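Student: Just passing along the structure, written as C-alpha cells.
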Amino acid sequence: MFFHYVDLSWRSLKRTPMVSLLMVIAIAVGIGITMTSLSVYHMMSADPIPSKSTQLHHVQLQTMDDGRDWWSDDNMPYQVTYPDAINLLNADLPYRRTAMIAAGFAVHVDDSDMKPFLERARVANADLFSMFNLEFIYGSAWTRNDEDSQASVVVISQSLNDTLFQGENSVGKTINLDGMTVRIVGVIKDWPTYVKYYDLNNGAFRDPEHIFLPFSLIAPNEIITWGNSNGWKAENVRGFQDKLKSEQFWVQFWVDLPTDEDELAYGQFLMSYMAEQQKLGRFARKELDFALRDVKQMMVYREVVNEDNKILVMLSFMFLAVCLANILGLLLAKFLRRAPEVGVRRALGASKTQVFIQHLVEVGLLGVIGGILGIFIAQAGLWGMRKSNDAYTVIADMDLTMLLSAPAIAVSVCILAGLYPAWLVCRTTPATYLKSQ
Amino acid sequence: MLNMNGISKVYQTEMVQTHALRDFDLQVNEGEFIAVTGPSGSGKTTFLNIAGVLEPFTQGQYLLDGVDIGKLNDNQRADIRNQKIGYIFQGFNLIPDLNLYENVEVPLRYRGIKAAERKRRIESSLEQVGLASRAKHLPQQLSGGQQQRVAIARALAGKPRFLLADEPTGNLDSLMARQVMELLEQINRDGATIVMVTHDPELARRAPRNIQVVDGQIADFSLYQGNPAAVVGA
Ligand SMILES: Nc1ncnc2c1ncn2[C@@H]1O[C@H](COP(=O)(O)OP(=O)(O)OP(=O)(O)O)[C@@H](O)[C@H]1O
Ligand SMILES: [Mg+2]
C-alpha cells in the first residue's frame with residue numbers, strides 16, 4: 001500500500017506541476033537556509049578531538065589579589081603568568097603538560113630565492129605533540145634535553161615543509177625565524193582541527209600554526225607573544241625580562257589528566273602550589289581558586305558557539321516555519337480541491353486513516369524532493385560563507401550527519417505542515433460529492 | 001438483510017430544511033432484486049446513500065445483516081462499505097488520475113486483496129462490460145456510456161453481496177442498457193442482493209420487485225410486485 005501511495009502522490013504532484021514546484025522550492029529554500037546555519041553550528045560545536053577531549057585540561061589560576069575583577073564569567077583570568085607556567089612545567093608530576101603562546105616570525109631559508117614571509121608560530125613544550133595527537137611524518141619532537149639546554153630546534157608542518165622544501169625530508173636543515181636560526185627536528189601533518197580549541201584567546205576559527213618552537217626559547221630569544229597579554233596590577237614592566245617576571249597573563253597551560261583521580265590529584269597540587277606561592281608574597285587573597293576545564297568545557301566556557309550563532313540557527317528555523325506556513329496554505333487548497341475524489345475513495349471503503357496516510361505520504365514525498373534540493377542550496381550557501389570570510393573556510397562544510405539530516409528534517413517539517421490539511425481532507429463525508437459529477 | 005424502520009433524513013442548509021426522507025420503512029431480503037422509481041428529487045439517491053452506509057440519517061433504525069448501522073463508528077462503517085457493498089453511482093465518480101484498470105482496482109486495494117487476484121477480477125469485470133481493451137485509458141478519454149460501464153465494472157469486481165445502483169443505465173443506449181440489466185440479473189442469480197434506482201419503466205418492469213419513492217416516502221410498493229405481466233397487460 002505504501003508504494004501505491006507513493007505512486008498516487010507522484011501522479012498528484014505531476015498533475016499540478018506549478019503548485020508542486022512552488023512547494024518544493026519553498027521547502028528547498030527553507031531547508032537550504034536552515035541546513036546552512038545548522039551545519040556551521042554543528043561544525044562549531046563538534047568535538048575537535050574526541051579521543052582526548054575529556055582528558056586534556058586547561059589550567060586557570062586565580063592569581064589576582066582580593067578585590068580585583070576579571071571580565072570572565074567566573075572572574076578567573078583566561079591565561080597564566082610566565083612564572084606560574086614555568087613552575088607548573090617544573091613540577092615533578094607524572095602528567096604530560098605544555099605551556100604555550102602564540103608567536104610569529106619572518107621565515108626565510110638560506111640559499112633560497114624565496115622571499116621571507118610572515119608565519120604564525122606556537123611556542124610550546126615537547127609534550128604538545130603527543131597530547132594533541134599530532135602525527136610526525138619526518139623526525140620527531142624535540143627532547144626534554146633540548147628544552148633544558150635551550151636548543152634552537154623547530155618542528156614544522158607538512159604544508160610549510162612543502163613550501164620551503166618541496167615536501168622532502170627536511171630534518172636537520174635549518175631555517176631562519178626573524179634573526180634566529182633553528183634546526184628542523186620534525187615535520188608533522190598539518191594540525192587537523194577547524195576549531196583552535198587549544199588557544200581560544202584570539203578567535204576560535206583560525207588556521208592552526210605551522211611552526212612549533214620549544215617554550216624554553218622564549219627567555220633567551222625574547223620571543224614576544226602574538227596573542228593577548230593582560231595585567232591587573234600596576235607593575236613596572238620596562239623590558240622583556242620584566243615581563244617574564246610580571247603578573248601579566250599571556251601563557252596558556254594544558255595538562256593531560258587521563259582519569260578523574262588524576263584530575264583530583266592535579267587540583268590538589270594546584271592548591272598546594274598556590275599556598276606555597278602565597279608564602280612568597282603572591283596571591284594576596286582569602287580564597288585560593290583554580291579552574292581545570294577539559295576541551296569541551298573550555299569550548300562552552302569561551303563560547304566557541306556564541307549567542308549570534310544560536311540566534312542565526314533560530315532565525316533560520318523561523319524562516320523555515322514561514323516556508324512551512326506557505327506550504328500549509330498550498331496543501332490546504334490542493335487537498336480540499338480533491339475532496340470529491342476522496343469522497344469516492346471513502347465510499348469505496350477507504351478508512352479515514354488510509355486517506356490520511358495517503359495524503360501524508362504525498363507531503364512526505366514533497367519533503368524528500370525538497371530536502372534533496374535543499375542540500376544543494378545549503379552547499380551553495382556554505383560555499384558563499386567560505387568565500388565571504390576566511391574564518392569560515394574550515395567550518396562551513398557539511399558532514400554526513402548533516403547531509404542525512406537535511407531530508408529527514410524536510411520530511412518531518414512537511415509532515416508537520418501536512419497534518420492539518422490531511423486531517424481536513426480525511427474527514428470528507430463519503431456521500432457529499434456523490435450525488436452528481 | 002436490510003431492515004429500515006422509520007428512517008428520516010433532514011438536510012439543513014442555512015435557512016432551508018429539506019426532508020429528503022420521512023418515516024421511511026423498507027425490508028429487503030437476501031437475494032432480492034428491487035427497482036426503485038420516483039420523481040426527481042423524491043429522495044431515491046438519499047435512500048440509496050443511507051442504505052449504502054454512505055450517509056448518516058436523522059432518525060429511525062437501520063439494520064444491515066442484523067447490525068445496527070446507527071451505532072457504528074466511522075471505521076466500522078468504512079469496513080462495511082468495503083466488505084459488503086458495491087455501488088454504481090448516479091454520477092460515475094471515476095477518479096480522473098487513474099486509468100480504467102486502476103479505477104476498478106480502488107475498492108479491491110482497500111479490501112486488501114492480493115495483486116494477482118486483483119488482476120484476475122479487474123480483467124474479468126472489464127471484460128464483462130466490454131472494455132477490456134481500454135484498460136489503460138483514462139476516464140476522460142471515454143464516452144459517458146463507457147464511463148458508466150467502468151463504474152459498473154468497479155462495483156462488480158468487488159463481488160459485493162449487496163449492490164446499490166443509482167441510474168446505472170442512465171447514460172447508455174437501450175441496447176447497452178439491456179446488456180447491463182442482463183449483467184445485473186446474472187449477478188443477482190449468483191446471489192447478490194440488488195437495489196437499483198431507474199427512470200426507465202421498462203427496466204423497472206424487469207425487476208422482480210418495484211418500489212416507488214414519492215416525496216421521501218414509499219408510495220406504493222405492491223404495484224408491480226412479483227407480477228410484471230400485470231403491467232404489460234394494464
Ligand atoms: N446534500 C444535500 N443538502 C441539501 N439538500 C439535499 C442534499 N442532497 C439532497 N438534497 C435534497 O433532498 C431531496 C432528495 O434528493 P435526492 O438526491 O435523494 O433525489 P433523487 O430522488 O435521487 O432525485 P434524482 O432523480 O433527480 O436523482 C432533494 O430535494 C434534494 O434537493
Ligand atoms: Mg438521484
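Student: For A:V29, are the conditions met, namely being more than 14 Å from chain B (Cβ to nearest Cβ) and at pLDDT 90 or above?
Tutor: Taking the combined requirement at face value, the residue satisfies it.
Student: Select from the range A:174-215 the residues that are acidic (D, E) and more than 14 Å from the chain's Cα centre (by Cα) and list them in ascending order.
Tutor: A:D178, A:D190, A:E209
Student: Among the helices (runs of 4 or more DSSP H) confined wholly to the range A:58-172, which include 1 or more residues that are in contact with a His (Cβ under 7 Å, 6 or more places away or on another chain) and of a type outside the set (A, V, I, L, M, F, W, C)?
Tutor: So the answer is A:158-165.
Student: Between a first residue in the range A:385-402 that is assigned by TED's automatic domain parsing to the domain that holds A:Y194 and a second residue that is modelled with pLDDT of 75 or more, which pairs have beta carbons less than 9 Å apart while being 6 or more apart in sequence or on different chains?
Tutor: Correct list of pairs: empty, since none qualify.
Student: Restricting attention to the range A:173-210, report how many residues are more than 19 Å from A:V40 (Cα to Cα) and in a loop (DSSP other than H, G, I, E, B).
Tutor: 10
Student: Please find, within the range B:50-66, the residue that is nearest to ligand 1 (Cβ to nearest atom) out of those that are open to solvent by 10 Å² or more (accessible area, probe 1.4 Å) and either within 14 Å of chain A (Cβ to nearest Cβ) or aromatic (F, W, Y) (or both).
Tutor: B:E55
Student: Can I ask one more? Would the range A:412-425 turn up any residue that is away from ligand 1 (no atom under 16 Å from the Cβ), in contact with an Asp or Glu (Cβ under 9 Å, 6 or more places away or on another chain) and either in the same structural domain as A:A339 (by TED's automatic domain parsing) or at pLDDT 80 or above (or both)?
Tutor: The answer is yes; a qualifying residue exists.
Student: Look through the range A:28-55, keep the residues that are among the aliphatic types (A, V, I, L, M) and open to solvent by 40 Å² or more (accessible area, probe 1.4 Å), and return whichever of them is farthest from A:M385 (Cα to Cα).
Tutor: That would be A:V29.
Student: Just to be sure before I move on: is B:L26 buried (at least 24 other Cβ atoms within 10 Å of the Cβ), closer than 26 Å to B:Q212 by Cβ and more than 10 Å from chain A (Cβ to nearest Cβ) in the structure I sent?
Tutor: The answer is no for B:L26.
Student: Please go through (1) open to solvent by 30 Å² or more (accessible area, probe 1.4 Å); (2) more than 16 Å from ligand 2 (Cβ to nearest atom) for B:N82 and return the number of the only condition it doesn't satisfy.
Tutor: (1)
Yes or no, residue by residue, for (1) within 16 Å of ligand 1 (Cβ to nearest atom); (2) at pLDDT 90 or above; (3) closer than 20 Å to B:E30 by Cα; (4) facing chain A (nearest Cβ under 9 Å):
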site	(1), (2), (3), (4)
B:N73	no, yes, no, no
B:K114	no, yes, no, no
B:E117	no, yes, no, no
B:Q148	yes, no, no, no
B:A151	yes, yes, no, no
B:R154	no, yes, no, yes
B:F162	no, yes, yes, no
B:A165	yes, yes, yes, no
B:V180	no, no, no, no
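Student: When you look at B:Q217, is it of a type outside the set (A, V, I, L, M), open to solvent by 10 Å² or more (accessible area, probe 1.4 Å) and either within 14 Å of chain A (Cβ to nearest Cβ) or within 15 Å of ligand 1 (Cβ to nearest atom) (or both), yes or no?
Tutor: Criteria met by B:Q217.
Student: Between residues in the range A:262-276 that are not assigned by TED's automatic domain parsing to the domain that holds A:D92 and residues that are open to solvent by 10 Å² or more (accessible area, probe 1.4 Å) and part of a helix (DSSP H, G or I), which pairs lie under 6 Å by C-beta distance while being six or more apart or on different chains?
Tutor: Taking only residues 6 or more apart or on different chains, not a single pair turns up.
Student: How many of the residues in the range B:164-215 are under 21 Å from B:L21 (Cα atoms) and more than 16 Å from ligand 2 (Cβ to nearest atom)?
Tutor: Residues meeting the conditions: 3.
Student: Every residue in the range B:164-199 that is of a type in the set (D, E) and open to solvent by less than 30 Å² (accessible area, probe 1.4 Å), please.
Tutor: B:D166, B:E167 - these are the residues of the range B:164-199 that are of a type in the set (D, E) and open to solvent by less than 30 Å² (accessible area, probe 1.4 Å).
Student: From B:L64, B:L100, which residue is within 20 Å of the chain's Cα centre (by Cα) and under 16 Å from B:A192 (Cβ atoms)?
Tutor: Result of the check over B:L64, B:L100: B:L64.
Student: I'd like to know if the range B:78-100 contains one or more residues that are touching a residue at least 12 places away in the same chain (Cβ under 8 Å), closer than 29 Å to B:V28 by Cβ, in a helix (DSSP H, G or I) and out of contact with any Pro (no Cβ under 9 Å at 6 or more places or on another chain).
Tutor: yes
Student: Inspect the range B:112-120 for any residue being within 19 Å of B:F162 (Cα to Cα), away from ligand 2 (no atom under 16 Å from the Cβ), of a type outside the set (S, T, N, Q) and open to solvent by less than 20 Å² (accessible area, probe 1.4 Å) and give the result as yes or no.
Tutor: The answer is no; no qualifying residue exists.
Student: Out of A:N161, A:N125, A:N176, report the one residue that is open to solvent by less than 50 Å² (accessible area, probe 1.4 Å), touching a strand residue (DSSP E or B) at 6+ places or on another chain (Cβ under 9 Å) and closer than 24 Å to A:P50 by Cβ.
Tutor: Only one candidate passes the filter, namely A:N125.
Student: A follow-up question, please. Just wondering, is there one or more residues in the range B:93-108 that are at the interface with chain A (Cβ under 9 Å from one of its Cβ atoms), crowded, with 20+ Cβ neighbours inside 10 Å, at pLDDT below 90 and under 19 Å from B:L183 (Cα atoms)?
Tutor: Scanning the range B:93-108 turns up no residue that is at the interface with chain A (Cβ under 9 Å from one of its Cβ atoms), crowded, with 20+ Cβ neighbours inside 10 Å, at pLDDT below 90 and under 19 Å from B:L183 (Cα atoms).
Student: Which ones in the range A:299-330 are touching a residue at least 12 places away in the same chain (Cβ under 8 Å), outside any helix (DSSP H, G or I) and of a type in the set (D, E, K, R)?
Tutor: Correct list: A:R302 only.
Student: Okay, moving on. Out of curiosity, is A:R68 farther than 30 Å from A:I372 by Cα and open to solvent by less than 40 Å² (accessible area, probe 1.4 Å)?
Tutor: Criteria not met by A:R68.
Student: State yes or no: is A:L280 open to solvent by less than 30 Å² (accessible area, probe 1.4 Å) and not small (G, A, S)?
Tutor: no
Student: Of all residues in the range A:249-269, which are touching a helix residue (DSSP H, G or I) at 6+ places or on another chain (Cβ under 8 Å) and more than 24 Å from A:E119 (Cα to Cα)?
Tutor: Selection gives A:V255, A:D256, A:L257.
Student: Search the range B:67-77 for residues being assigned to a helix (DSSP H, G or I) and within 24 Å of B:I113 (Cα to Cα), and hand back the single one that is least open to solvent (accessible area, probe 1.4 Å).
Tutor: B:D74
The values are calculated or read from the model by the stated rules, or taken from the named source; none is laboratory data. Everything numeric here is computed off the predicted structure, so don't read it as measured data. For neighbour counting, all protein chains shown are included, and Cβ atoms are generated from backbone atoms with ideal geometry for every residue, glycine included. Areas reflect the complete protein model, heavy atoms only, side chains present, ligands, DNA and RNA absent. Shrake-Rupley method; radii C 1.70, N 1.55, O 1.52, S 1.80 Å.
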